[in-house]
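Quick notes on the structure that follows.
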Amino acid sequence: MSGRKPLETLRPIERMNQQIPFIDEIKEWKARGGKVVGWLCDYVPEEVIHAAGLLPVRVSGIAQEIPLDDANAYLYTTTCSFVRTCFQLAYKKHYDFLDGFVVASNCDHARRLFDVWDRYIPTPYRYILSVPHTKLPQAQKFYEREIKDFKKSLEDHFKVTIPEDRLSESIRLFNRARRNLRKLNELRKEDPPKITGAEVSKIMNACEKISKEKFNPMIESILQELALAHRENKTKLRLMISGSVLNNPHYIEFIEDQGCTVVIDDLCTGIRYWWDEVAEDKPPMEALAQRYLTRFPCARMTPGEERFTKVVEVAKEYKVHGIIQEMVRYCTPTAWERPWLRKSLEEAGLPVLQLEILYGAAGTGQLKIRVQAFLEMLEMQMEDL
């Protein structure tokens with residue numbers, strides 16, 4: 001639909017997306033004797049895992065809907081389909097390559113996943129961090145203690161030492177990745193944007209599955225190619241996707257194929273992952289606690305008004321014409337905030353389409369009709385301006 005020429009530098013990223021969860025880069029790491037620690041929520045400070053000499057890898061589903069019969073036997077069917085998909089894959093041994101599994105208590109569903117994983121999946125190391133719902137100074141102090149306990153637990157289990165200078169090196173490495181992702185997303189502000197939302201989703205999937213030592217040169221090559229590329233884009237409508245965890249490029253591609261470009265998102269698998277850096281001029285533990293607790297907030301954090309204001313600001317910064325509020329079915333935090341966030345967006349003059357999906361699902365006939373109707377409405381609004 002967009003008429004863009006495929007990026008040569010995106011080919012390795014495409015290959016990784018097809019291989020998830022056990023991609024070649026992880027196999028190579030394991031073959032060299034390296035240990036892999038899976039993490040579920042991006043409130044988990046990856047820098048601590050990396051500084052321990054371990055490979056942090058995000059636990060997710062794959063880019064398609066899968067049967068959840070086994071997961072449904074261990075988790076309520078009203079548990080979000082993202083969590084049930086992760087457990088289904090683990091139960092079927094697709095995550096047997098993990099040497100550790102770490103969860104942040106971001107919601108009740110993730111907490112239940114940790115419970116059943118801890119009991120039924122034989123991953124050698126399992127840990128859960130308690131995450132406050134506010135960013136008050138006392139909450140940051142609490143989370144700093146949580147990260148210190150996590151660090152000690154890693155050291156004890158994997159028989160390693162995590163010195164402060166090594167942790168500072170990891171912080172700088174991950175900040176470099178965040179800056180690269182910001183540069184990539186700055187290109188989406190252009191009219192027309194040089195990269196699609198689906199392509200960015202694929203890049204984010206790779207970013208969370210491989211070492212930052214490998215990822216940074218890869219994304220820097222993509223940025224170099226984009227700087228020289230002339231990529232046509234026949235679509236004028238600019239959309240933002242906000243909502244639950246979403247790492248299925250096919251879903252975003254399906255939306256874009258209806259005649260728009262997703263130019264930014266408000267997702268934990270997108271903007272909330274890279275938006276804020278860790279301060280490099282503070283003690284590492286303090287800086288990590290501060291960044292991870294005060295970063296671009298998700299639906300679980302209070303007060304919600306700060307988050308609503310932030311989402312509106314980003315939508316305007318990227319000049320979006322409308323917002324798709326996507327929710328994985330039974331995602332409690334997203335369901336709670338939906339009407340309040342919608343109210344804030346519409347008061348700011350930003351039209352909203354609310355969609356509910358099953359994790360891993362792509363396009364359906366009903367979805368196509370609803371998205372097309374929304375885009376037609378946006379086009380009529382543009383003509384009236």
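General observations
- Residues in segment 221-226 carry Karplus couplings, in order, of 5, 4, 4, 5, 5, 5 Hz; the curve used is 6.51 cos²θ - 1.76 cosθ + 1.60 with θ = phi - 60°, and Gly or Pro positions show x.
- Based on Cα contacts under 8 Å between residues 6+ apart, the chain shows a relative contact order of 21 percent.
- With the biggest extent put first, the Cα atoms of segment 303-362 measure 29, 27, 15 Å across the principal axes.
- Theoretical gain in end-to-end length, residue 164 to residue 96 [0.36 nm per residue, Cα-Cα removed]: 21.4 nm
- Rounded tilt (10° steps) of 108-120 against the dominant C-alpha axis of the chain: 40
- Taking segment 220-245 and a reference point 7 angstrom along Cα→Cβ of residue 343, the backbone N atoms nearer than 20 Å belong to 242-243.
- Spherically averaged projected area of segment 23-160 from its Cα convex hull (nm²): 8.8
- Burial ordering of 332, 261, fewest other beta-carbon atoms within 10 Å first: 332, 261
- Model label points for residue 183 and residue 134, set 7 angstrom from Cα along the Cα-to-Cβ axis, are 4.0 nm apart.
- Each residue, residue 224 and residue 366, gets one label point 7 Å from its Cα in the Cβ direction; the gap between the two is 4.8 nm.
- Extension gain, residue 119 to residue 15: 0.36 nm times the residue separation minus the Cα-Cα distance gives 34.1 nm.
- Measuring between alpha carbons in the structure, the pairs from 189/282; 35/152; 148/183; 310/368 lying more than 23 angstrom apart are 189/282; 148/183; 310/368.
- Loop-exposed GluC sites (Glu not before Pro) per DSSP, neighbour cap 15 Cβ within 10 angstrom, longest uninterrupted part of the chain: 1-189
- Charge dipole (debye, nearest 20) of the chain; +1 at Cβ of Lys and Arg, -1 at Cβ of Asp and Glu: 500
- Of the trypsin sites (Lys or Arg not before Pro) found in segment 156-238, the ones in coil according to DSSP and having at most 12 other Cβ atoms within 10 Å of their Cβ are 159, 234.
- Candidates per trypsin sites (Lys or Arg not before Pro) in segment 1-64, loop by DSSP, up to 15 other Cβ within 10 Å: 32
- Taking a straight Cα-Cα cut-off under 13 Å and skipping sequence neighbours fewer than 8 places away in the same chain, the aspartates and glutamates within cross-link reach of residue 319 are 186, 190, 191, 265.
- Alpha carbon Rg of the chain, scaled by the compact-globule rule 2.2 N^0.38 Å: 0.95
- Leading residue at positive end of dipole, the chain (Cβ point charges), from 79, 378, 101: 101
- Cross-link pairs 92/159; 214/234; 27/212 - those with Cα-Cα distance over 23 Å: 92/159; 214/234
- The modelled label-to-label distance for the pair residue 316/residue 377, using points 7 Å beyond Cα in the direction of Cβ, is 2.2 nm.
- Our coupling estimate for segment 192-205, obtained by passing each phi through the Karplus curve with A = 6.51, B = -1.76, C = 1.60 and θ = phi - 60°, is x, x, 7, 9, 8, x, 5, 5, 5, 4, 5, 5, 5, 4 Hz, Gly and Pro reported as x.
- Fewest neighbouring Cβ atoms within 10 Å first, the residues 201, 221 line up as 221, 201.
- Dipole check for segment 23-160: with +1 at the C-beta of Lys and Arg, -1 at the C-beta of Asp and Glu, and the Cα centre as origin, the magnitude is about 280 Debye.
The numbers here are math on the coordinates, done by the rules we state, and not lab data. Given the structure is predicted, the values throughout are model-derived calculations rather than measurements. Positions of Cβ are generated from backbone atoms using ideal geometry, with glycine treated the same way; all protein chains shown enter the neighbour counts.
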